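Here is the structure we will look at, set down as structure tokens.
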Amino acid sequence: MSTFLGLPRAVDTSQLRGRPFPEAARAAVADPQLRRNLGDATATIRAKRARVVGEVPDWESLRAAGAAIKDHTLANLDSLLLQLEAAVTARGGTVHWARDSAEANRIVTELVRATGADEVVKVKSMATQEIGLNEALEAAGIAAWETDLAELIVQLGHDKPSHILVPAIHRNRAEIREIFLREMGAVGLPAPADLTDSPPALAEAARRHLRQKFLSARVAISGANFAVAATGTLSVVESEGNGRMCLTLPPTLITVMGIEKLVPTWQDLEVFLQLLPRSSTGERMNPYTSMWSGAVEGQDFHLVLLDNGRTAVLGDPSGRSALRCIRCSACLNVCPVYERTGGHAYGSVYPGPIGAVLSPQLTGPELNATLPYASSLCGACYDVCPVAIDIPTMLVHLRAQVPHPAPERAVMRAAAYAMGSPRRWAATRSASRAGRLLGGRRGRIRSLPPPLSGWTASRDLPVPPAEGFRDWWTRTHGSPPPATPPPAAGGDGAGAA
Ligand code: SF4
């Protein structure tokens, strides 16, 4: 059965919105252990990625191909989704359409209930995190067990993921050992009492614990990295093999997929299977790539297609390229802001640079008004993005859309008035020289009165220079600098930014 998508925004935004970023970031940067964990992990992944990307001579062409395929897909999303639905249905699967998280959670809960199961195993999935599926299942009396190692650490630690690819990036080995010893026994096979914090020992404890879950589960829930519209093929790309166990062992498989995860054909998929592993884990090829088309014999397969604000993003020509994202997390690992604050500060299941653009777009900019400012606009995220999403430009676009407080608007209006005439600007120069007094001997202003205190709350302000540019020009050239000509009609429009 076909249906129509198109609720303007995500209805339940609890997984996409947390505390304002400046408030949450302040706590994070004050935690030296967290900063050490993040710094070590991101530096390692960054170096691995740079090495393997450097091996590919046509990387930039691949990147351009990835961007073009995604743009073509987004431009034809309506017909490609119907093609996918027809192909999955023809191969024995059932397709469900969910406008928002509430609808998706209801569909999945009813499907699990229909099997009589009271627990499910899960493959790591951003879409199910976005809709808060684990919490919804728990409210319905169904236990959902994460089977990805990092997700397991987060779940057992009663924590939240802080990275797209490495959700437990903020934890070190000693902390993980402690969590396993404390928590595993309460929900399944306990960790051995003599567990050490060596990676093989921790992995073995997780393996034994999870094996019991795989063998007893009757329902598995996954996301999908890609879906091929032409054949109805779904794909999960992973490193540990837990995904394959979930996808093949339980008799019922439910996949929740954001509607943007489509590619038209298998040839298109080939491009992304090269771009994704090198960008995410810094590997030439990921160890496990599972693909399935519809239901296999003896298995019941359901595909839930999730909108949850995506058609609203699609409707914004300046913002829609965020839907190209393949969730590789390369942008997180190079971002100087993410490296210092970690993912929790973003208050969304999508942290880092992509979270700073995607979350406000999915929820509406007013609900995540501070996230577009969680960036230095250095452009490193754009450089590494395998589908060339121009995140800095989108951040600026979103900054213009978020509601600005009245004092800030008043200051900007006053600045525009002063800069509107050479005479008025000259008057502000003498006032700004007086600002040097506020800096005292340090030469830095530490606090200003409201409303300017918002600026100095998190940064020092350098004092105005003793001699401004116009004064310097006049002194060295013997006359004031020439007036700047007004921009020609049809120019680059920089004044409207
Ligand atoms: S925005 Fe680009 S770099 Fe960041 S997660 Fe998405 S695809 Fe990867």
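The values are calculated or read from the model by the stated rules, or taken from the named source; none is laboratory data. Please read these numbers as outputs of a predicted model, since none were measured by experiment. Cβ atoms come from the backbone with ideal geometry, glycine included; neighbour counts cover every protein chain shown. We work out accessible area using only protein heavy atoms, side chains counted, and drop any ligands, DNA or RNA first. Shrake-Rupley method; radii C 1.70, N 1.55, O 1.52, S 1.80 Å.
Within region 353-363, identify whether any single residue is assigned to a loop (DSSP other than H, G, I, E, B) and modelled with pLDDT of 95 or more, and answer yes or no. The answer is no; no qualifying residue exists.
Taking region 26-63 as the range and being farther than 28 Å from Gly342 by Cβ, in a helix (DSSP H, G or I) and open to solvent by 60 Å² or more (accessible area, probe 1.4 Å) as the test, the residues that pass are Glu60, Ser61.
In the set (1) at pLDDT below 95; (2) among the polar types (S, T, N, Q); (3) more than 14 Å from the ligand (Cβ to nearest atom), Ser348 fails one condition alone, (3).
Here Gly93 passes the criteria (1) within 21 Å of the chain's Cα centre (by Cα); (2) at pLDDT 95 or above except the one numbered (1). For region 398-406, the criterion of being in contact with a Ser or Thr (Cβ under 7 Å, 6 or more places away or on another chain), open to solvent by less than 10 Å² (accessible area, probe 1.4 Å) and within 29 Å of His170 (Cα to Cα) is met by none of the residues.
Here's the yes/no breakdown for (1) modelled with pLDDT of 90 or more; (2) open to solvent by less than 70 Å² (accessible area, probe 1.4 Å); (3) within 16 Å of the ligand (Cβ to nearest atom):
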| position | (1), (2), (3) |
| --- | --- |
| Ser375 | yes, yes, yes |
| Val387 | yes, yes, yes |
| Ala418 | no, yes, no |
| Arg429 | no, yes, no |
| Ser447 | no, no, no |
| Glu467 | no, no, no |
| Arg470 | no, no, no |
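Got at least one residue in region 214-221 being open to solvent by 30 Å² or more (accessible area, probe 1.4 Å), in contact (Cβ under 8 Å) with a residue 40 or more places away in the chain and among the hydrophobic types (A, V, I, L, M, F, W, C)? Within region 214-221, none of the residues are open to solvent by 30 Å² or more (accessible area, probe 1.4 Å), in contact (Cβ under 8 Å) with a residue 40 or more places away in the chain and among the hydrophobic types (A, V, I, L, M, F, W, C). Please give the number of the condition Leu306 fails out of (1) buried (at least 21 other Cβ atoms within 10 Å of the Cβ); (2) within 16 Å of the ligand (Cβ to nearest atom); (3) on the phi < 0 side of the Ramachandran plot. Condition (2) is where Leu306 drops out. When the residues of region 319-342 are filtered to those that are more than 15 Å from Ala67 (Cα to Cα) and assigned to a loop (DSSP other than H, G, I, E, B), the one that is farthest from the ligand (Cβ to nearest atom) is Gly342.
Leu395 meets the conditions (1) in contact with a Leu (Cβ under 9 Å, 6 or more places away or on another chain); (2) open to solvent by 10 Å² or more (accessible area, probe 1.4 Å); (3) of a type in the set (A, V, I, L, M) in every case but one. The failed one is (2).
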